[in-house]
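Only one structure is covered here, and it is reproduced in the block below.
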Amino acid sequence: FGKVEKLDIDEVDRVYTKEAKSYNLKHHITTRGMDLIWRRACGWFLSTLNDKDKIKILDLCTGTGLVIQEISLILNEFNIKADIVAFDYNKEMLSVGQTLNKNKYNNIKVEYKRGDAMNLYSSKQSRESDLAIFDFNTFDVVIQMFGIGGIKDPIKVLNGVLKILKPNGYF
């Protein structure tokens with residue numbers, strides 16, 4: 001890897017494909033388990049959004065879906081309904097996530113989608129492409145815990161997030 005602005009999406013994709021099966025363990029070790037605490041804190045925050053019948057959530061750069069595991073546990077404890085989109089560019093990371101995260105909660109629906117975080121709503125992106133895009137004002141919450149480090153243009157991601165969040169949504 002080089003500087004962030006020089007990151008090539010194909011290079012990042014190759015690295016994550018190679019690391020997908022060992023990603024979770026490496027992440028837990030390198031953060032000394034703090035990543036689990038941060039993810040669970042996200043779930044606790046979401047549990048305070050009790051003004052909604054169902055929360056529509058985008059887990060941006062979901063990787064193997066570790067955030068979804070933790071927030072689902074908390075949301076289920078409070079019987080909060082949620083529709084969650086697990087969104088990542090890397091097919092292998094999504095595949096590992098789908099295998100590991102068998103949703104066991106009736107009140108939570110998880111859908112895995114492949115897409116580019118820099119093109120969340122892009123008019124350039126054809127709806128016929130295999131990369132997902134979203135309509136404006138789609139999500140109550142967008143979560144991005146760790147994925148920003150592998151993105152070439154983080155400001156473009158933020159711009160997209162602001163467009164797909166509902167008014168008064170949370171990022």
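Looking only at the stretch 27-44, residues that are outside any loop (DSSP other than H, G, I, E, B) and open to solvent by 30 Å² or more (accessible area, probe 1.4 Å) come to 10 in all.
Filtering Phe134, Phe78, Phe146 for residues that are at pLDDT 95 or above and of a type outside the set (D, E, K, R) leaves a single hit, Phe134. The set of residues in the stretch 65-100 being more than 9 Å from the chain's Cα centre (by Cα), more than 21 Å from Phe45 (Cα to Cα) and either without any contact (Cβ under 8 Å) to a residue 60 or more places away in the chain or not in a helix (DSSP H, G or I) (or both) consists of Tyr89, Asn90, Leu94, Gly97, Gln98, Thr99. Candidates are the residues of the stretch 101-121 that are assigned to a strand (DSSP E or B) and among the aliphatic types (A, V, I, L, M); the one that is nearest to Asp10 (Cα to Cα) is Val110. For Leu58, are the conditions met, namely being modelled with pLDDT under 95 and not small (Gly, Ala, Ser)? Criteria not met by Leu58. Just name the residue that is most open to solvent (accessible area, probe 1.4 Å) out of those in the stretch 134-171 that are within 15 Å of Phe45 (Cβ to Cβ) and in a loop (DSSP other than H, G, I, E, B). Selected residue: Phe171.
Quick check on my filter: what residues within the stretch 45-65 are farther than 19 Å from Phe134 by Cβ, open to solvent by 10 Å² or more (accessible area, probe 1.4 Å) and in contact with a helix residue (DSSP H, G or I) (Cβ under 6 Å, 6 or more places away or on another chain)? Listed by number, the list holds a single entry, Ser47. Just checking, does the stretch 107-114 include any residue being crowded, with 16+ Cβ neighbours inside 10 Å, within 19 Å of Leu73 (Cα to Cα) and not β-branched (Val, Ile, Thr)? There is at least one residue in the stretch 107-114 that is crowded, with 16+ Cβ neighbours inside 10 Å, within 19 Å of Leu73 (Cα to Cα) and not β-branched (Val, Ile, Thr).
The values are calculated or read from the model by the stated rules, or taken from the named source; none is laboratory data. None of the values given here were measured: they were computed from a predicted structure. Glycine gets a Cβ as well: all are built from the backbone with ideal geometry, and neighbour counts include every protein chain shown. The accessibility values were calculated without ligands, DNA or RNA, using every heavy atom of the protein model including side chains. Shrake-Rupley method; radii C 1.70, N 1.55, O 1.52, S 1.80 Å.
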